[in-house]
Amino acid sequence: LVTIKLISKKITPVFFKYAEVETQKFSNIIINDAIAKAITTKATPEDIFEVINDKNGEIKSIDFNTININKYLTETTKYIQEDLKKLEKGNLEVVENKDSCKNYDKAGLKKGIISYISTGVIFNNPLLANLGPKIPIKINLKGDVISYVSAEIDDYGINNSLIKVFVNLKITETVILPFYGKNIDMQAKVPVAIKLVTGKIPL
């Protein structure tokens, strides 16, 4: 019994490392799809930015349209929560007909399994990595999805600026292996809008 516990204690972190990578990959599919549905296919730069000009038509200031931003963030969060819950229940509606999911095992997804780890990974040898029985990986949404917007401003040419807007997400998920589960905080930063601001060129 002691020997089994020692072996389990040594190999479980190895399995979990691989499980965490697979969880990150699959969660990114859900996140990108949610942002596409909620923002990138709907929003325009004019929806996101508020540009104020002076009496000469020069740009005086640029701000976010808070009402629209909050609406898009709420929709994104809702889609992510709903889609992850659907997958936990084996509902494949969220991954059907998506090229990014064509390599996933649909039979496994119907059981809530996002991927499998071959036990051969414990040998840390690429030639043995696909050998041995396969261990299923499941994920469960744990808690709320936290979302907020950030921006980066870069110089672009002469007296111009490029403003990039990102949606930042933090999702707490439980990665589940047989006889073992652990919460992970997954963070993502996805660009959703870019605006070029042209300033007055000095004479």
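The values are calculated or read from the model by the stated rules, or taken from the named source; none is laboratory data. Since the structure is predicted, the reported quantities are computational estimates derived from the model, not experimental observations. Positions of Cβ are backbone-derived with ideal geometry, glycine not excepted, and every protein chain shown enters the neighbour counts. With ligands, DNA and RNA removed, areas are computed over all heavy atoms of the protein, side chains included. Shrake-Rupley method; radii C 1.70, N 1.55, O 1.52, S 1.80 Å.
Taking the Cα of Lys195, stepping 7 Å toward and past its beta carbon, and measuring to each backbone N in region 62-105: which are under 15 Å?
62-70
Using 0.36 nm per residue of separation minus the Cα-Cα distance, give me the extension gain between Glu88 and Tyr180 in nm, one decimal.
Length gained between Glu88 and Tyr180: 31.4 nm.
Going 7 Å from the Cα of Lys110 toward and past its Cβ, which residues in region 75-95 have a backbone nitrogen under 20 Å from where you end up?
Those under the cut-off are 84-95.
Just reorder Thr74, Thr172, Thr44 by solvent-accessible area, largest first, 1.4 Å probe, all chains present.
Thr74, Thr44, Thr172
Give me the 1.4 Å probe accessible area per residue for region 154-203, excluding ligands and nucleic acids, in Å².
I get 61 Å² per residue for this part.
Expressed as a whole percentage, what fraction of the accessible surface of region 145-203 belongs to carbon and sulfur atoms when a 1.4 Å probe is rolled over the protein heavy atoms?
The C+S portion of the solvent-accessible surface of region 145-203 is 57 percent.
Take the eigenvalues of the Cα gyration tensor for region 43-90, scale each by 5, and report the square roots as semi-axes in whole Å, largest first.
They are 37, 7, 5 Å, listed largest first.
Per-residue ellipticity at 222 nm for the chain, helices alone: DSSP H runs ≥ 4 residues times -39500 (n - 2.57), over residue total, nearest 500 deg cm²/dmol?
Dividing the helical sum by the residues of the chain leaves -10500 deg cm²/dmol.
So for region 39-118, considering every pair of alpha-carbon atoms, how many percent are separated by more than 14 Å?
73
Local charge sum around Lys138 (other residues, Cβ-Cβ under 11 Å, Lys/Arg +1, Asp/Glu -1)?
So the environment of Lys138 carries a net charge of -2.
Give the aspartates and glutamates whose C-alpha is closer than 15 Å to that of Lys86, dropping any in the same chain fewer than 8 places away, or say none.
Asp33, Glu96, Glu173
Please identify the trypsin sites (Lys or Arg not before Pro) of region 105-186 that satisfy two criteria: DSSP loop assignment and at most 14 other Cβ atoms within 10 Å. Which are they?
Lys110, Lys111
Just to compare against my own numbers: the Cα pair-distance distribution for the chain, 10 Å bins, whole % per bin, please.
For the chain, the pair-distance distribution reads 8, 28, 25, 18, 12, 7, 2, 0, 0.
Whole-Hz Karplus ³J(HN,Hα) for region 151-159, in order, using 6.51 cos²θ - 1.76 cosθ + 1.60 and θ = phi - 60°, x for Gly and Pro?
9, 10, 10, 10, 5, 9, x, 8, 6
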